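Engineer: My structure is below; once you've seen it, I'll send some questions.
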Amino acid sequence: MSRFVAAIYDRFMEDAEKACLGEWRRALLADLAGDVLEIGAGTGANLPHYPAGLRSLTLTEPDAHMRRRLTEASARMPDRPVTVLDAPATALPVDAASLDVVVGTLVLCTVPDPQAVLAEVVRVLRPGGRFVYLEHVAAWDNPGRLRWQRVLEPAWRVVADGCHLTRATGDLIREAGLLVEAETRESMRKALPWIRPSVRGVARRLLTPAAN
Ligand SMILES: C[S@@+](CC[C@H](N)C(=O)[O-])C[C@H]1O[C@@H](n2cnc3c(N)ncnc32)[C@H](O)[C@@H]1O
């Protein structure tokens, strides 16, 4: 992320956070437990929503500008012990099968290789562990909007530091071998129209590898 994008990110998302995102984050994270790691944690928008009493909470963020804001946000919440790490989501510095939950919100749109990220998520989750996600995606129900997303995507990727508009992230999660237990598709109200289609849910690492 450029210093500029990091600086305006919270302001840019503010209306959508108030209209829906904040509530979606709260509901997704409210019942987490155990050892939890977030990928691409950005400025720390999820931080206020993590429940107390987690065994560990690790926030990873490879971008220096975002990470500085994340560290500042976590310092403002001293009652919530957090470890902030510099790591891309494709190379998490944790052992295989060591986490109960991985959280990823608005990050699989931006990573260069979402399949590689999801393979890393599967690697670090314990069998039965959960991947909790919230992503803006390709318009699944609106061909007109999907056409616009395709037209805008090249320019948007430049403006928004690599963000893709047409990823079918729900499908990628299933193709990674995770079992989707709950998923909601909904319009992200008050966001820019081309990032409104969104998907959020919980997928579980199977006890044995998927047979596909
Ligand atoms: C749109 S922001 C979302 C921030 C935050 N997760 C949220 O929900 O507001 C995308 C984030 O993904 C991070 N990112 C980009 N490439 C990444 C990678 N390869 N691995 C992990 N995070 C990455 C960016 O630095 C940025 O913080």
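The values are calculated or read from the model by the stated rules, or taken from the named source; none is laboratory data. As the structure is a prediction and not an experimental result, all values here were calculated from the model. Note that each Cβ is placed from the backbone with ideal geometry, even for glycine, and that neighbours are counted across all protein chains shown. Remember, those area values only see protein heavy atoms, side chains included, never the ligands or the DNA or RNA. Shrake-Rupley method; radii C 1.70, N 1.55, O 1.52, S 1.80 Å.
Engineer: Go through region 19-48 and count every residue that is within 16 Å of residue 106 (Cβ to Cβ) and either touching a His at 6+ places or on another chain (Cβ under 7 Å) or among the acidic types (Asp, Glu) (or both).
Structural biologist: The number of residues fulfilling the criteria is 5.
Engineer: Based on what the data block shows, is residue 135 within 18 Å of residue 175 (Cβ to Cβ), of a type outside the set (Ser, Thr, Tyr), without any contact (Cβ under 8 Å) to a residue 40 or more places away in the chain and open to solvent by less than 30 Å² (accessible area, probe 1.4 Å)?
Structural biologist: Considered against the rule, which asks whether it is within 18 Å of residue 175 (Cβ to Cβ), of a type outside the set (Ser, Thr, Tyr), without any contact (Cβ under 8 Å) to a residue 40 or more places away in the chain and open to solvent by less than 30 Å² (accessible area, probe 1.4 Å), residue 135 comes out as no.
Engineer: Identify, from the list 172, 165, the residue that is closer than 15 Å to residue 122 by Cα, within 18 Å of the chain's Cα centre (by Cα) and within 16 Å of the ligand (Cβ to nearest atom).
Structural biologist: So the residue among 172, 165 that is closer than 15 Å to residue 122 by Cα, within 18 Å of the chain's Cα centre (by Cα) and within 16 Å of the ligand (Cβ to nearest atom) is 172.
Engineer: Do you know which residues across region 106-132 are open to solvent by less than 10 Å² (accessible area, probe 1.4 Å), within 9 Å of the ligand (Cβ to nearest atom) and either within 19 Å of residue 31 (Cβ to Cβ) or polar (S, T, N, Q) (or both)?
Structural biologist: None; the set is empty.
Engineer: Turning to a different aspect of this structure: In region 88-105, what count of residues is obtained for those that are buried (at least 20 other Cβ atoms within 10 Å of the Cβ) and within 10 Å of the ligand (Cβ to nearest atom)?
Structural biologist: 5
Engineer: Kindly check whether there is at least one residue in region 59-74 that is open to solvent by 40 Å² or more (accessible area, probe 1.4 Å) and over 23 Å from residue 12 (Cα atoms).
Structural biologist: No - not one qualifying residue is present in region 59-74.
Engineer: Something else: Listed residues 71, 58, 83, 90; which is under 21 Å from residue 160 (Cβ atoms), of a type outside the set (Phe, Trp, Tyr) and touching a residue at least 12 places away in the same chain (Cβ under 8 Å)?
Structural biologist: One residue alone meets the criteria, 90.
Engineer: What number of residues in region 1-51 are in a helix (DSSP H, G or I) and among the β-branched types (Val, Ile, Thr)?
Structural biologist: Summing the residues that are in a helix (DSSP H, G or I) and among the β-branched types (Val, Ile, Thr) in region 1-51 gives 2.
Engineer: Continuing with the same structure: Could you tell me whether region 30-41 includes any residue that is buried (at least 21 other Cβ atoms within 10 Å of the Cβ), over 18 Å from residue 102 (Cβ atoms) and either within 8 Å of the ligand (Cβ to nearest atom) or at pLDDT 95 or above (or both)?
Structural biologist: no
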